[in-house]
Amino acid sequence: MSIVFIVSAPSGSGKSTLVSRLLKDVPRLLFSVSYTTRAPRGNERQDEDYHFISRAEFEERIARDEFLEWAEVFGNYYGTHREILDRARSEGFDVVLDIDVQGARQLKGRIPDAVSIFILAPSREILEQRLHDRSEDPPEVIARRLREAAEEIRNCRAYDYVLVNDEVERSADTLEAIVKAERARRTRIEEKIRPILATFEAK
Ligand code: 5GP
């Protein structure tokens, strides 16, 4: 059984950097490329960062029940396709989902042993500073993002792990440690340990 890792964080928390580090450093992880109706930004690439589709196509896919979870975030649809789990299972990989708090809630309902991780900026001031530093957006847009972040952060208690991202190297190590520890949970590796235990049975 593949493990489903859910990573959520408001923008400016450093999530993308940590997720790319994780995918680079830990083997056998499959990133779930979401479907979205928002337009590509900067150098985002079709089918690599997202599957960019129209609202009409998204709604058709909802009607066909293709999504494991989906949500409307800031006026656009975002969703995780069901096929990601089959693909991960057949390849023997675990899955990493970068989804919002609504999606995380739906997924935990469907897959209770999914592992959820919330990435938290160390303080409101630092998050505000990061939002200023990385964007050329006007102050009112930044203020809106900060309000949205505060709203999302209120949900962090529903997550299994909260990673306070004060120092990127340390946070990357912790995220990697969470994945490795979850992979070693006895309940997840019963099949693997059974034959080992059998070799110790009294002859
Ligand atoms: P952005 O537009 O900045 O890439 O993403 C906006 C928000 O949508 C982020 O919080 C991101 O985690 C979330 N998101 C991305 N893909 C999905 C998805 O498939 N499902 C859900 N529920 N949220 C998603």
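Values as computed for the structure displayed
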{"read-out": "Yes/no for ASN76 being within 12 Å of the ligand (Cβ to nearest atom), over 24 Å from GLU48 (Cα atoms) and either surrounded by fewer than 13 Cβ atoms within 10 Å (Cβ to Cβ) or touching a residue at least 40 places away in the same chain (Cβ under 8 Å) (or both)", "value": "no"}
{"read-out": "Unique residue being farther than 24 Å from LEU18 by Cα and either without any contact (Cβ under 8 Å) to a residue 24 or more places away in the chain or exposed (fewer than 15 other Cβ atoms within 10 Å of the Cβ) (or both) when the list is THR199, THR174", "value": "THR199"}
{"read-out": "Residues of segment 79-98 classified as more than 8 Å from the ligand (Cβ to nearest atom) and out of contact with any Leu (no Cβ under 8 Å at 6 or more places or on another chain), total", "value": "5"}
{"read-out": "Residues satisfying the stated conditions in segment 175-190, i.e. more than 15 Å from the chain's Cα centre (by Cα) and within 30 Å of GLU128 (Cβ to Cβ)", "value": "ALA177"}
{"read-out": "Checklist (1) assigned to a strand (DSSP E or B); (2) more than 11 Å from the ligand (Cβ to nearest atom); (3) of a type outside the set (D, E, K, R) applied to SER2, failing item", "value": "(1)"}
{"read-out": "Matching entry among VAL115, VAL101 (being within 27 Å of ARG188 (Cα to Cα), among the β-branched types (Val, Ile, Thr), in contact (Cβ under 8 Å) with a residue 60 or more places away in the chain and more than 12 Å from the ligand (Cβ to nearest atom))", "value": "VAL115"}
{"read-out": "Any hit, segment 59-82, residues being touching a Pro at 6+ places or on another chain (Cβ under 9 Å), modelled with pLDDT under 95 and of a type in the set (A, V, I, L, M, F, W, C)", "value": "no"}
{"read-out": "Set ARG183, ARG134, ARG130, ARG145: member being charged (D, E, K, R) and either under 14 Å from SER8 (Cβ atoms) or touching a helix residue (DSSP H, G or I) at 6+ places or on another chain (Cβ under 6 Å) (or both)", "value": "ARG145"}
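The values are calculated or read from the model by the stated rules, or taken from the named source; none is laboratory data. Small disclaimer: the values here were computed from a predicted structure and weren't measured. As a convention, Cβ positions derive from the backbone with ideal geometry for all residues, glycine included, and neighbour counts pool all protein chains shown.
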